[in-house]
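Comments concern the structure below.
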Amino acid sequence: MDGAELKVEGVSYSYGRDDFSLKNISLSLKGGEILALLGPNGSGKTTLTKIVLGILKPHPPSVTVGGVNLFEVTEKERAKLIAWVPQEIMKNVPLRVEDFVLLGRTPHISPLSIPSDLDRKLVAEALRKFGLEILAKRYFSQLSGGERRLASIARAYVQGTPFMVLDEPTAYLDFKNKLLALKVMKELAQEGRGILFTTHDPNEAVEIADQVVLMYRGEILISGNPDEVINEETLEKVYGIKVKIVRSNGRAYVTPSIGQHIEA
Amino acid sequence: MKEDGKIAIAAVATFFIFIITLGMGKYEFSPIGSLKILIESLAGKAPNGDPLANIVLQIRLPRVLAALLVGASLSVSGAGFQALFRNPLVSPDILGVLAGAGFGASLAILLNFPLPFVQAVAFGIGLAALGLSYTVAWRGGGARIVDLVLSGIIIGSLFKSLMSLVKFLADPESKLPQITYWLMGGLASSSWGDVEILALISVPSIAMLYLLRWRLDAFMLGEEEAKALGIKVEFYKAAVIVLSTLPAAASTVVAGLVGWIGLVIPHMARMIFGDSNRFTVPGSAIIGGAFLLVVDTISRAVLPSELPLEVLTSFVGVPFFAYLLRRRVYHGWS
């Protein structure tokens, strides 16, 4: 798992005929690192995550993990390299939490066979790790938003991939669960996994990311470490509002200023 | 595990129902008597001398087996489609297959075909309806679920119209009643040939769906997530559709249009055994088989004259379903 690198090289993607949704995107991420994909609604973050996951095929199809092109291997091989926590977590899944998390083992189970003891052991460990043990027998549809997110992270976790993509893992979560989601991502990175997550909140990127990619209208405006990327100038350009960066104890905090929109 | 135990109990109970119903009818046997005849015939001892045993083996046994298999086929078919379409309201006729088979049978009866040809035409046009639905929905290397639902409704309605046209053209004195009775469904004329059709088409399909039960669970997450979990989505979608269609088409060929079971039995199985397809698929097969066997036995051995299955399945099934619905909190699909 260590030493692998996720690389996206100069890819573009278009939903329609002429209208490019993503233009010339490159990024790279190593195991143990956290990359935050930051940008306003419609800037192409979710599309980019689907490309990184191999769900959408870009042009040129150049997404590699440890030198293996995700578009040249089977779905199963791909699912052993990179896992997904989607943004819209379907509530309406008629499965118990333990069965839901067990689905993360799908790429390791051959089509006509059943989960092994190892698969079940890994699921039990993951449920414990993410504090979901007491919910194991509950239906997924009965969980709260934060619990569903954790269960989805646990499902991606048991996939056992070197890289994980989390699309807005803190969306719709309360204050405490937001922090919990950030903490979980940090722990996953400490275990050596490469984490790519999208967010609307620059503070989350500052808090945990090793590198930040700031997207704007389907292109990468700037990328680098959080200090380089997150400043008044870039954020004001991307979001069109006045922001203020307050520094305290060596850390930057981004605060938007209400009522001070920049006229376009 | 608890659920596996429940399924085992249901399977044993279904076996007892099978033995008991085999002994029911004009000539009654005790369950032990039926069991004895069964074991003797399995051991290769032809009970030719015993006329009663012959009744059981040649007339009643195929009907009892056909009821078990048709019930299991329609229920598993419904379970497969419901998982794939992530929709609890889907039934085996979602892709127009049953309407196609119904039209095929009506047409063949109108044209005076002998029974095996009626069945073959029904089966063939049923599968052709599936092919049409798939073709209409197919674009860019795949068929989206929502497009399949729409194309299935359209193709289904086309074949229903064609079926009406055939009825309209049929002689109201002779052909029309024949077509109508065939479509209403029944097992009264079940033969060993029908059991063979079901054994060759339904049983392997049900077995394959059972083996794919874990893949079916992944489909309940939606196609993109299934893909991210490493599933060849289009391949398995097509596989599940074909494997769910074959038993339903075979059932229609043998028993006519038996509605209701394919929609409702999978829900009963979920309420009793749990929502994961590893329970729903075998549970639907067992409950569906036992249910139709009981219903058909009531029609055959209890009532003064036989009623169409379409009528009786609702009469027996609705109170049972209402009981389950009121007794259990149903969480799965909220």
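Could you identify the single residue in A:G131, A:G146 that is away from chain B (no Cβ under 13 Å), modelled with pLDDT under 95 and in a helix (DSSP H, G or I)? Give the derivation first.
Working: A:G131 fails: in a helix (DSSP H, G or I).
After ruling out the rest, the residue left standing is A:G146.
Is it true that A:E187 is surrounded by fewer than 24 Cβ atoms within 10 Å (Cβ to Cβ), modelled with pLDDT under 90, of a type outside the set (G, A, S) and in a helix (DSSP H, G or I)? For A:E187, the condition - surrounded by fewer than 24 Cβ atoms within 10 Å (Cβ to Cβ), modelled with pLDDT under 90, of a type outside the set (G, A, S) and in a helix (DSSP H, G or I) - is not met. In this structure, A:L22 qualifies as part of a strand (DSSP E or B), surrounded by 15 or more Cβ atoms within 10 Å (Cβ to Cβ), in contact with an Asp or Glu (Cβ under 8 Å, 6 or more places away or on another chain) and assigned by TED's automatic domain parsing to the domain that holds A:T170.
Being under 16 Å from B:L216 (Cβ atoms), out of contact with any His (no Cβ under 9 Å at 6 or more places or on another chain) and either more than 8 Å from every other protein chain (Cβ to nearest Cβ) or of a type in the set (D, E, K, R) (or both): is that true of A:R105 here? It would help to see each step written out before you state the result.
On the way: under 16 Å from B:L216 (Cβ atoms): yes; out of contact with any His (no Cβ under 9 Å at 6 or more places or on another chain): yes; either more than 8 Å from every other protein chain (Cβ to nearest Cβ) or of a type in the set (D, E, K, R) (or both): yes.
Taking the combined requirement at face value, the residue satisfies it.
Only one of A:L214, A:L221 is in a strand (DSSP E or B) and open to solvent by 20 Å² or more (accessible area, probe 1.4 Å); which?
Working: A:L214 fails: open to solvent by 20 Å² or more (accessible area, probe 1.4 Å).
Unique residue meeting the criteria: A:L221.
A:A171 satisfies every condition listed in (1) surrounded by fewer than 22 Cβ atoms within 10 Å (Cβ to Cβ); (2) assigned by TED's automatic domain parsing to the domain that holds A:E204; (3) modelled with pLDDT of 95 or more; (4) of a type in the set (A, V, I, L, M) except (3).
Got a sec? Which of B:S205, B:S189 is among the small types (G, A, S) and either touching a Phe, Trp or Tyr at 6+ places or on another chain (Cβ under 6 Å) or modelled with pLDDT of 95 or more (or both)?
Values: B:S189 fails: either touching a Phe, Trp or Tyr at 6+ places or on another chain (Cβ under 6 Å) or modelled with pLDDT of 95 or more (or both).
Every option except B:S205 fails the conditions.
Summed over region B:216-227, the residues that are open to solvent by less than 10 Å² (accessible area, probe 1.4 Å) and facing chain A (nearest Cβ under 7 Å) give a count of 5. Kindly indicate whether B:V240 is surrounded by fewer than 22 Cβ atoms within 10 Å (Cβ to Cβ), in contact with a helix residue (DSSP H, G or I) (Cβ under 7 Å, 6 or more places away or on another chain), in a helix (DSSP H, G or I) and not polar (S, T, N, Q). For B:V240, the condition - surrounded by fewer than 22 Cβ atoms within 10 Å (Cβ to Cβ), in contact with a helix residue (DSSP H, G or I) (Cβ under 7 Å, 6 or more places away or on another chain), in a helix (DSSP H, G or I) and not polar (S, T, N, Q) - is met. Looking at A:V93, is it within 12 Å of chain B (Cβ to nearest Cβ), assigned to a helix (DSSP H, G or I), open to solvent by less than 10 Å² (accessible area, probe 1.4 Å) and not small (G, A, S)? So A:V93 fails the test.
The values are calculated or read from the model by the stated rules, or taken from the named source; none is laboratory data. For clarity, every value in this text was computed on a predicted model and none was experimentally measured. So basically every Cβ, Gly included, is an ideal-geometry build from the backbone, and we count neighbours across all protein chains shown. All accessible areas refer to the heavy atoms of the entire protein, side chains included, with ligands and DNA or RNA removed. Shrake-Rupley method; radii C 1.70, N 1.55, O 1.52, S 1.80 Å.
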